[in-house]
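This report concerns only the one structure given below.
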Amino acid sequence: MVKRRDLIRWAAAVAPVASIWPLLRLDTVRAAQTPRRVRPGEPGWPTPADWARLKQQVDGYLIRPESPLDVCRESPDNPGCVALFRELKNPYFIGDSPVLTQTCEWVGAWKAAPGAYVVAAKGVEHVAAAVDFARERNLRLVVRGGGHSYLGTSNAPDSLMIWTRAMNDISTHDAL
C-alpha cells in the first residue's frame, strides 16, 4: 500500500525532470531537422563549370588545396619530408598554408583534413562571393585566418574554405 506522503515525495522528485522532458525532446527534433551539407560526389555538389565561375568571381583566387604532408606519406625518408618537419616548428610557415594547422589533431577528437576548395580572399568582395556560393549550394563553409586553430575548426573536409590570411591591410576613411 502506497502512503500519501511517499506518493507526494515521489511526485516532488520527478517533477523537475518531467518539466524539462519536452525541452529535451524538442532539442532532439531540432537536431534531426538540421540540414546536411552537400559533399563531393553527391547530387547538388557544384560542377566544374560552377567552380570555374566562382574562380572568375574571386579574381582567380580559388585553389584546390594539397597537403604538404603528402610528400611524407609517399616517402618518409625523403629530404623534402625532413625539411618539411623542420619547417613545421615555425608558426609563420604553418600560417602560410591553407592546409596546415598549429596542431595535428587534438587527443583524437578531430582529424586534420583540408577542404575541397579554398578562396584565398584578398578583399571583402571575395568573401561575399564565397559565402553566397556556399549558401546557394548548401556547402559546408569554414573561415581560416592564420592557422592557430587548436580545436580544428579552421579546417573541414569536403568544405569551401575562406582563407583570410592575405586580408591584412587597414584603411582609414575620413568622416563625412
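Computed from the coordinates by the stated procedures, all read-outs in this text should not be read as laboratory data. None of these values were measured; they are calculated from a predicted model. All Cβ positions, even for glycine, are placed from backbone atoms using ideal geometry, and neighbour counts span all protein chains on display.
Which whole-number percentage describes the relative contact order of the range 48-163, with Cα contacts under 8 Å and a sequence gap of 6 or more? Intermediate values should be presented prior to the final figure.
On the way: 181 pairs, mean separation 34.7, N = 116.
Answer for the range 48-163 is 30 percent.
What net charge do the residues around Leu160 carry, taking every other residue with its C-beta under 15 Å from that of Leu160, with Lys and Arg at +1 and Asp and Glu at -1? All intermediate terms of the calculation are to be shown ahead of the outcome.
Working: positive: Arg37, Arg39, Arg53, Lys55, Arg64, Arg135, Arg137, Arg140, Arg144; negative: Glu42, Asp50, Asp132, Glu136, Asp158.
Every neighbour counted, the sum reads +4.
Quickly rank 50-57, 89-96 as a protection proxy: mean count of other C-beta atoms within 10 Å, highest first. Spell out each step's value before the answer.
Working: 50-57: 15.5, 89-96: 13.0.
Top to bottom by mean Cβ count within 10 Å: 50-57, 89-96.
What ranking of Val143, Val99 emerges when the number of other C-beta atoms within 10 Å of each C-beta is taken as an exposure proxy, fewest first? Intermediate results must be reported in sequence, preceding the final value.
Numbers: Val143 15, Val99 21.
Result, fewest neighbours first: Val143, Val99.
So if we plug the beta-carbon distance of Cys72 and Arg39 into 1/(1 + (r/R0)^6) with R0 = 30 Å, what FRET efficiency do we get, rounded to 0.05? Intermediate values should be presented prior to the final figure.
Values: r = 26 Å, r/R0 = 0.88.
For Cys72 and Arg39, the calculated efficiency is 0.70.
Suppose the chain between Lys3 and Arg137 were pulled fully straight at 0.36 nm per residue; how much longer would it get relative to their current alpha carbon spacing?
Numbers: separation 134, 0.36 × 134 = 48.24 nm, distance 6.25 nm.
Length gained between Lys3 and Arg137: 42.0 nm.
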